[in-house]
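Inspection log for the structure reproduced underneath, given as structure tokens.
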Amino acid sequence: MQNKNKTLVKSMDLLQLFITHPALSLNDMVKLSGMPKTSVHRMLMSLEEMGFLARHEDGQYSLGLSFLQFGQLVADRLDIRQVALPIMQELRDDVGEAVNLIMKDGREAIYVEKVDTNHPVRLYTKIGRRSPLYAGDSRIILAFLPDQEREQYLRETELMPRGLGTITDKDKLSRILQKSREDGYTISRSELENDTAALAAPIFDHRGRVYAGLSVAGPDDRFQDERLPELSVKVVRAAEEISRKLGWEPSSRIPL
């Protein structure tokens with residue numbers, strides 16, 4: 001059983017390579033993974049047989065149709081995406097900025113849905129992109145986690161700079177998280193990418209727990225201070241509308 005578990009872990013390590021590489025040869029995977037060529041070849045044969053990898057005529061491999069099927073199932077079952085998308089589109093049309101839907105995944109946040117702006121100058125964010133919970137629009141999720149979970153995260157996480165504005169001082173970050181809980185939204189500037197800004201609000205589930213974050217994001221010069229009060233009202237209102245469709249009521253929010 002232990003050997004099977006090791007093989008499964010190593011197979012997943014191979015598949016992880018395709019997150020950043022659209023196609024790889026056997027030798028590419030041996031070099032990138034550091035595994036013996038015979039082991040890689042054996043796992044490739046199994047992954048190809050199960051449809052997780054496809055082999056092309058030139059000998060290159062890419063992700064197979066099984067991932068498309070599983071990926072579609074995951075997308076279909078993420079009800080929040082279906083609920084949020086029309087509201088996100090309305091918000092985009094109203095404020096003219098890109099709108100992102102973010103969810104917690106372990107110790108990170110992942111962008112699960114997006115609506116691009118029609119503005120010629122825009123911030124490009126890809127679905128599936130990951131970011132640390134402490135930086136940028138993802139921070140809204142950290143702000144509304146239960147106290148114990150949030151404090152444990154802060155104790156165990158090293159705050160690494162991602163942009164010129166990334167907050168790397170834990171005392172300062174704690175104060176900003178407290179303000180975000182009081183205001184009901186958070187603002188970030190150049191935290192994940194330089195010269196960008198985002199304003200995010202929390203989405204709650206039927207139990208009153210933070211479930212996701214909704215943000216508008218774009219170039220920093222379109223997020224001037226005089227515009228923030230209007231943006232914050234609209235983003236919070238849209239996030240609350242999504243929350244209600246998930247069964248949330250203001251009285252159900254858990255104490256922080």
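The values are calculated or read from the model by the stated rules, or taken from the named source; none is laboratory data. Bear in mind that the values here come from a model prediction, so they are computed numbers and not experimental data. All Cβ positions, glycine included, derive from the backbone under ideal geometry; neighbour counts span all protein chains shown. Heavy atoms of the whole protein, side chains included, go into the accessibility calculation; ligands, DNA and RNA do not. Shrake-Rupley method; radii C 1.70, N 1.55, O 1.52, S 1.80 Å.
Tabulated data
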| read-out | value |
| --- | --- |
| Looking only at region 133-143, and only at residues there that are touching a strand residue (DSSP E or B) at 6+ places or on another chain (Cβ under 6 Å) and under 10 Å from residue 104 (Cβ atoms), the one that is surrounded by the fewest Cβ atoms within 10 Å (Cβ to Cβ) | 141 |
| Lone unmet requirement of (1) in contact with a Gly (Cβ under 6 Å, 6 or more places away or on another chain); (2) farther than 28 Å from residue 93 by Cα for residue 150 | (1) |
| Check on residue 94, open to solvent by less than 20 Å² (accessible area, probe 1.4 Å) and modelled with pLDDT of 90 or more | no |
| Exclusive hit being closer than 19 Å to residue 91 by Cβ and either of a type in the set (Phe, Trp, Tyr) or modelled with pLDDT under 95 (or both), set 209, 162, 227 | 227 |
| Residue, farthest from residue 204 (Cα to Cα), within region 231-245, restricted to residues that are of a type in the set (A, V, I, L, M, F, W, C) and open to solvent by less than 40 Å² (accessible area, probe 1.4 Å) | 231 |
| Odd one out for residue 247, checked against (1) modelled with pLDDT under 95; (2) at negative phi; (3) not in a helix (DSSP H, G or I) | (2) |
| Subset of region 54-66 [within 11 Å of residue 15 (Cβ to Cβ) and open to solvent by 30 Å² or more (accessible area, probe 1.4 Å)] | 63 |
| Tally, over region 67-85, of residues that are open to solvent by less than 80 Å² (accessible area, probe 1.4 Å) and modelled with pLDDT of 80 or more | 5 |
